[in-house]
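Written below as C-alpha cells is the structure these notes are about.
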2 protein chains.
Amino acid sequence: MERVEHHASFGGWQDVYQHDSISLGCPMKVGVYLPPQVKDGRVPVLYWLSGLTCTEQNFITKSGAQRFAAEHGIMIVTPDTSPRGESVADDPSYDLGHGAGFYVNATQQPWAANYRMYDYVVEELPALIEATFPADDRRAIAGHSMGGHGALVAALRNPGRYRSVSAFSPIVAPSQAPWGERAFTAYLGDDRSAWEQYDTIELIKTVRERLPLLIDQGLDDEFADRELRPSLLQAACEAAEHPLILRQRPGYDHSYYFIASFIDEHMAHHAAALFQ
Amino acid sequence: MERVEHHASFGGWQDVYQHDSISLGCPMKVGVYLPPQVKDGRVPVLYWLSGLTCTEQNFITKSGAQRFAAEHGIMIVTPDTSPRGESVADDPSYDLGHGAGFYVNATQQPWAANYRMYDYVVEELPALIEATFPADDRRAIAGHSMGGHGALVAALRNPGRYRSVSAFSPIVAPSQAPWGERAFTAYLGDDRSAWEQYDTIELIKTVRERLPLLIDQGLDDEFADRELRPSLLQAACEAAEHPLILRQRPGYDHSYYFIASFIDEHMAHHAAALFQ
C-alpha cells in the first residue's frame with residue numbers, strides 16, 4: 001500500500017493509501033484514520049461505506065468522525081465507492097458505474113470484470129488492513145445512503161464478522177426503489193432472485209444473528225420516500241422481530257451536515273460493541 | 001438576501017445566502033450558521049475568514065465548528081474570499097484575483113473597482129447580518145492562512161469592534177512573504193507604506209487595544225517558514241508587549257484536518273469573550 005496523503009488529526013493520523021485491488025482489478029484509494037491509541041497496540045476498525053458519487057474523501061473531510069475515533073481508540077477505514085480508471089466500465093449517469101458500485105459482485109457485462117465491491121469490502125480490504133496496520137479483528141461497519149445499504153448487507157450476510165452496524169439514510173430495499181432497480185438490473189441481471197442477497201429487507205427475513213441495526217434517518221431527506229423507504233425496514237424488522245433502533249430526525253436532510261450532527265452517537269454505539 | 005442552501009445542523013441551521021454587495025459591486029455568497037439558541041433571542045457572531053482558493057464552503061463543510069457553535073450559542077458567518085463573477089477582474093494564478101482578495105481595499109487597476117474585501121468584511125457584512133438575522137453586536141473574528149491575516153488586521157485596526165480574535169496558520173507579515181508581496185503590489189501598488197495598514201507585524205507596533213491574539217500553528221505546515229512566518233509575530237508581540245497565545249502543534253499541517261482538530265478550543269476562546 002502506498003501512502004498518498006498524511007495529515008495529523010486529533011492526535012492521530014488521517015491517511016489515504018493506494019493499492020492494487022485483486023477483487024476489483026484496478027488501483028484503489030482508501031482512507032485510513034489511525035487514532036492515537038495505535039501507539040499502544042492493536043485497535044478495532046470501523047469500515048465506513050459512502051454513498052453515490054462519493055470517493056474515499058467525503059467522510060474523512062466532512063463527517064468530523066476522527067474526533068470520536070480518537071476519543072474511543074477506533075481505526076476508521078473508508079474505501080472508495082466503486083472500481084475506477086480508464087479500463088473500468090462506466091456509465092455517464094451518476095447512479096451507475098464509477099462512484100456507484102452498490103457494494104455487489106456484478107455478474108453481467110460489461111460490469112462483471114471489475115465491479116466486485118462486495119468481495120472487496122467484506123473480504124479483501126479487512127484482510128489487507130489487518131495485515132498492514134495495527135488493527136485487530138474487532139470490526140464494525142457503517143455507511144450512508146448507498147453505503148448504508150452496503151453496510152447493512154455486509155453485516156446481515158456475515159454473522160460474527162462485525163460486532164456492530166449502523167447507517168445514515170440507508171437504501172434498505174434496493175429491489176423496490178429506482179436507484180437500486182437500475183443498478184441491480186445492470187450489475188446482476190433481470191432475474192430478481194439474484195437481487196435478494198443484496199437487499200436488506202429480504203435478508204432480514206432469514207438472518208440468524210440478532211445484531212441491532214442503528215439507523216438515523218432525516219425527516220426532510222429528499223430521497224427518503226422514493227429511494228430509501230425506511231418504513232419498509234421498520235415493517236420488516238417488526239415482522240422478523242429483528243432489533244432496530246430507528247431515529248427519525250425532524251428537519252435533517254440527506255447531506256453530510258446530518259451525518260456530522262449525529263456521528264458522535266454512532267461512534268459511541270460502535271465503541272460500546274467493539275470494547276465490550 | 002436570498003437563501004440558496006438550508007441544512008439542519010446540530011439542532012440549528014447551516015444556511016448559505018446570496019446578496020448583492022455594495023462594497024464589492026457583485027453578488028456574493030455567505031454562509032450563516034444559526035445555532036439553536038436563536039429561537040430565544042439574539043446571539044453573538046463569529047466571522048470566519050477563509051484562505052487562498054477557498055469559498056464560503058470550506059469552513060462550513062470541513063471544520064466541524066457547528067458542533068461548538070451550537071453548544072455555546074454563537075452564529076458563524078463565513079464570507080467568500082474575494083469578489084467573483086465574469087465582470088470582476090481576475091488572474092489565472094491561484095494567489096491573485098478570484099479566491100485571493102487578501103481582505104484589503106485595492107487602490108490599483110484593474111482591482112480597485114471590486115476588490116474591497118476589507119470594507120466588506122469589517123463594515124458591510126456585519127451591518128447586513130445584524131439587520132437581517134437575530135444577531136447582536138457582540139462580534140468575534142477568526143480565520144485561516146490568508147483569512148487569519150484578514151482576521152488579525154480587522155481586529156487590530158478596529159479597537160472595540162471585536163471581543164476576541166483567533167487564527168489558524170495566519171500570514172502575519174504579508175509585506176515580508178511572497179504571497180503577500182505579490183498581492184499587495186497588485187492591489188495596493190509599489191509604495192510599501194500603503195501596505196502597513198494591512199500587515200499584522202506593522203499594526204502590532206502601534207495598536208492601542210490589548211486584545212489577546214490566539215494563534216494555532218502546525219509545526220509541519222508546508223507554508224510556515226516562507227509564507228506565514230510565525231516567529232515574526234512572536235518577536236513583534238514581545239517587542240510591543242502585546243498579549244499572544246501561540247500554540248505550536250507538532251505534526252500538524254496547513255489543512256482543515258488541523259483546523260478541525262483544534263476548532264473546539266478556538267470556539268471556547270471566543271465564547272469566553274463573547275459571553276463575558
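The values are calculated or read from the model by the stated rules, or taken from the named source; none is laboratory data. This structure is a prediction, so every number in the text was calculated from the model and none was measured. Positions of Cβ are generated from backbone atoms using ideal geometry, with glycine treated the same way; all protein chains shown enter the neighbour counts. The accessibility values were calculated without ligands, DNA or RNA, using every heavy atom of the protein model including side chains. Shrake-Rupley method; radii C 1.70, N 1.55, O 1.52, S 1.80 Å.
For the reader, a short list of remarks on this structure follows.
- Selected residue [within 18 Å of the chain's Cα centre (by Cα), within 29 Å of B:GLU56 (Cβ to Cβ) and within 10 Å of another protein chain (Cβ to nearest Cβ)] from B:HIS270, B:HIS254: B:HIS254
- Filtered by the rule that a residue be aromatic (Phe, Trp, Tyr) and closer than 18 Å to A:VAL104 by Cβ, the stretch A:168-225 gives A:TRP179, A:PHE184, A:TYR187, A:TRP195, A:TYR198.
- Against the conditions (1) surrounded by fewer than 24 Cβ atoms within 10 Å (Cβ to Cβ); (2) within 14 Å of another protein chain (Cβ to nearest Cβ), A:PRO44 satisfies every one except (2).
- Single unsatisfied condition, A:SER87 versus (1) part of a loop (DSSP other than H, G, I, E, B); (2) under 19 Å from A:ALA260 (Cα atoms); (3) more than 14 Å from every other protein chain (Cβ to nearest Cβ): (2)
- Output for the stretch B:257-266, where each listed residue is more than 19 Å from B:ASP220 (Cα to Cα) and either hydroxyl-bearing (Ser, Thr, Tyr) or more than 13 Å from chain A (Cβ to nearest Cβ) (or both): B:HIS266
- For the residues A:GLN234, A:GLN176, A:GLN217, the requirement of being under 30 Å from A:ALA271 (Cβ atoms), open to solvent by 10 Å² or more (accessible area, probe 1.4 Å) and modelled with pLDDT of 95 or more singles out A:GLN234.
- The condition of being at positive phi, at pLDDT 95 or above and within 14 Å of another protein chain (Cβ to nearest Cβ) holds for only one of A:GLY64, A:GLY12, that being A:GLY64.
- Of everything in the stretch B:237-251 that is more than 14 Å from chain A (Cβ to nearest Cβ) and in contact (Cβ under 8 Å) with a residue 12 or more places away in the chain, the residue that is surrounded by the most Cβ atoms within 10 Å (Cβ to Cβ) is B:CYS237.
- Flag for A:SER63 being in contact with an Asp or Glu (Cβ under 7 Å, 6 or more places away or on another chain), open to solvent by less than 50 Å² (accessible area, probe 1.4 Å) and in contact (Cβ under 8 Å) with a residue 60 or more places away in the chain: no
- Matching residues, the stretch A:71-125, being open to solvent by 30 Å² or more (accessible area, probe 1.4 Å) and β-branched (Val, Ile, Thr): A:THR107
- Unmet criterion (only one of (1) touching a residue at least 40 places away in the same chain (Cβ under 8 Å); (2) more than 17 Å from the chain's Cα centre (by Cα)) for A:PHE262: (2)
- Residue check, B:TYR33 farther than 27 Å from B:ALA113 by Cβ, touching a strand residue (DSSP E or B) at 6+ places or on another chain (Cβ under 7 Å) and hydroxyl-bearing (Ser, Thr, Tyr): yes
- A:GLY25 out of contact with any strand residue (DSSP E or B) (no Cβ under 6 Å at 6 or more places or on another chain), more than 14 Å from chain B (Cβ to nearest Cβ), over 25 Å from A:SER164 (Cβ atoms) and of a type outside the set (A, V, I, L, M): yes
- Exactly one residue out of A:ALA151, A:ALA167, A:ALA155, A:ALA140 is buried (at least 24 other Cβ atoms within 10 Å of the Cβ) and more than 19 Å from A:CYS237 (Cβ to Cβ), and it is A:ALA140.
- Sole exception among (1) out of contact with any Leu (no Cβ under 9 Å at 6 or more places or on another chain); (2) away from chain A (no Cβ under 11 Å) for B:ASN58, by number: (2)
- Any hit, the stretch A:208-222, residues being part of a helix (DSSP H, G or I) and in contact with a helix residue (DSSP H, G or I) (Cβ under 6 Å, 6 or more places away or on another chain): no
- A:ASP199 within 26 Å of A:TYR115 (Cα to Cα), open to solvent by less than 20 Å² (accessible area, probe 1.4 Å) and either away from chain B (no Cβ under 14 Å) or of a type in the set (Phe, Trp, Tyr) (or both): yes
- Number of residues in the stretch A:1-19 that are over 20 Å from the mean Cα position of the chain (by Cα) and surrounded by fewer than 21 Cβ atoms within 10 Å (Cβ to Cβ): the value is 9.
- Residue check for B:GLN57: more than 26 Å from B:TYR256 (Cα to Cα), open to solvent by 20 Å² or more (accessible area, probe 1.4 Å) and among the polar types (S, T, N, Q): no
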